[in-house]
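Each remark here refers to the structure printed beneath this line.
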Amino acid sequence: MEYKSRKTLNERLNSTALKAVLFDMDGVLFDSMRNHAAAWIQAMKRHDLPMTVKDVYMNEGRTGEGTINIFSRRCLGRDATEQEIQDIYKEKSDIFNTLPEAQPIEGAAEVLDNVRKRGLMRIIVTGSGQVSLLKRLDESYPGHFTEDTLVTAFDVKHGKPNPEPYLRGLEKAGRTIGLSSPLPASQAIVIENAPLGVQAAKAAGIYCIAVNTGPLEDQVLYDAGADIVLSGMSELADELDT
Ligand code: CA
């Protein structure tokens with residue numbers, strides 16, 4: 001199984017059909033999940049919605065509203081009100097913004113440079129809706145991304161695990177190379193770190209490499225449908241180098 005998935009990974013990475021790599025952002029390009037976890041746990045606690053670190057990672061990729069509703073139903077037996085959703089999400093964002101800025105993930109710059117050297121498109125598919133996102137990306141990974149190669153919370157109705165974010169990614173990739181239709185799923189790969197993100201990629205029909213940069217067991221990512229689970233971006237950089 002292990003040998004077979006490695007072989008498939010190498011075939012995928014070296015396939016001449018491959019045109020684009022779709023990158024998730026938090027936990028793949030930035031070491032930001034610790035901060036998200038701390039902010040979620042603190043904000044939810046104020047509203048009597050206890051959340052563990054594992055809960056945060058299991059729900060990573062969901063919209064803020066979706067996450068708040070799941071815990072409201074679980075702990076209070078009802079959906080959160082519009083007001084509660086607004087308040088909790090704002091508090092979470094405020095706490096997040098007080099935390100030290102997340103650093104680039106080890107190995108991510110090497111992966112991006114290798115992908116560029118191979119002439120492949122680099123697309124971001126994130127549930128984040130930060131306004132300064134592109135600026136931040138360009139500071140850490142200069143020259144890799146533009147407005148046209150970014151899918152954010154503003155581009156989709158449904159968050160992960162819905163396939164919509166990755167389907168938008170294929171559309172943007174298609175447009176970038178002048179196709180009148182989305183890039184076929186078979187010509188892309190996804191790099192994800194979260195179970196719901198893996199589910200979204202697989203629901204969109206795309207080969208998915210999971211990099212396990214958080215505290216969850218590898219098996220959780222395989223159960224979500226990952227084609228292979230690597231220990232991090234450095235391991236992926238090594239695979240690309242060989
Ligand atoms: Ca992520």
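The values are calculated or read from the model by the stated rules, or taken from the named source; none is laboratory data. It should be emphasised that the depicted structure is a prediction, and the values quoted were computed from it without experimental measurement. Here the Cβ is made from the backbone with ideal geometry for all residues, glycine too, and neighbour counts use every protein chain on show. We work out accessible area using only protein heavy atoms, side chains counted, and drop any ligands, DNA or RNA first. Shrake-Rupley method; radii C 1.70, N 1.55, O 1.52, S 1.80 Å.
Across the cross-link table entries 92/157; 90/135; 4/202, which are compared at the Cα atoms, there are no separations over 30 Å.
Once both labels are positioned 7 Å from their Cα atoms along Cα-to-Cβ, the gap between residue 6 and residue 54 label points is 3.0 nm. Farthest towards the positive end of the charge dipole of segment 184-242, among the residues 237, 197, 219, is the Cα of 197, using unit charges on the Cβ of Lys, Arg, Asp and Glu.
Note on residue 231 and residue 101: with the Förster distance fixed at 22 Å, the Cβ-Cβ geometry gives a FRET efficiency of about 0.35. For residue 121, nonlocal amide neighbours, meaning residues 5 or more places apart or on other chains whose placed amide H falls under 5 Å from its own, are 20, 21.
State the antiparallel share, in %, of DSSP beta bridges confined to segment 1-158, rounding to the nearest 5. Walk me through the intermediate numbers first.
Numbers: 1 of 8 bridges.
Antiparallel bridges make up about 10 percent of those DSSP assigns within segment 1-158.
Just how far, in whole angstrom, is segment 118-195 from segment 26-89 if you go by their alpha carbon centroids? Answer, in whole Å: 24. Farthest towards the positive end of the charge dipole of segment 13-170, among the residues 56, 77, 167, is the Cα of 167, using unit charges on the Cβ of Lys, Arg, Asp and Glu. Accessible surface of segment 184-242, 1.4 Å probe: 43 percent of it comes from carbon and sulfur atoms. Charges were assigned to the Cβ only: +1 to each Lys and Arg, -1 to each Asp and Glu. The resulting dipole of the chain about its Cα centre is roughly 520 debye. Computed over protein heavy atoms with a 1.4 Å probe, the accessible surface of segment 98-242 works out to 45 Å² per residue. Among 125-132, 90-97, 166-173, sorting by the average number of other beta carbon atoms lying within 10 angstrom of each residue, highest first, gives 166-173, 125-132, 90-97.
Taking Cα atoms only, the orientation of helix 64-76 departs from the longest principal axis of the chain by about 40 degrees. Using only Cα atoms, tell me the angle between helix 82-98 and the longest principal axis of the chain; keep it within 0 to 90° and round to the nearest 10. Result, in degrees: 60. Enclosing the Cα atoms of the chain in their convex hull gives a volume equal to 118 cubic angstrom per residue.
Please report the carbon-and-sulfur percent of the accessible area for segment 33-98; probe 1.4 Å, protein heavy atoms only, DNA, RNA and ligands left out.
Details: 1820 of 3670 Å².
For segment 33-98, the apolar C and S fraction of the accessible surface comes to 50 percent.
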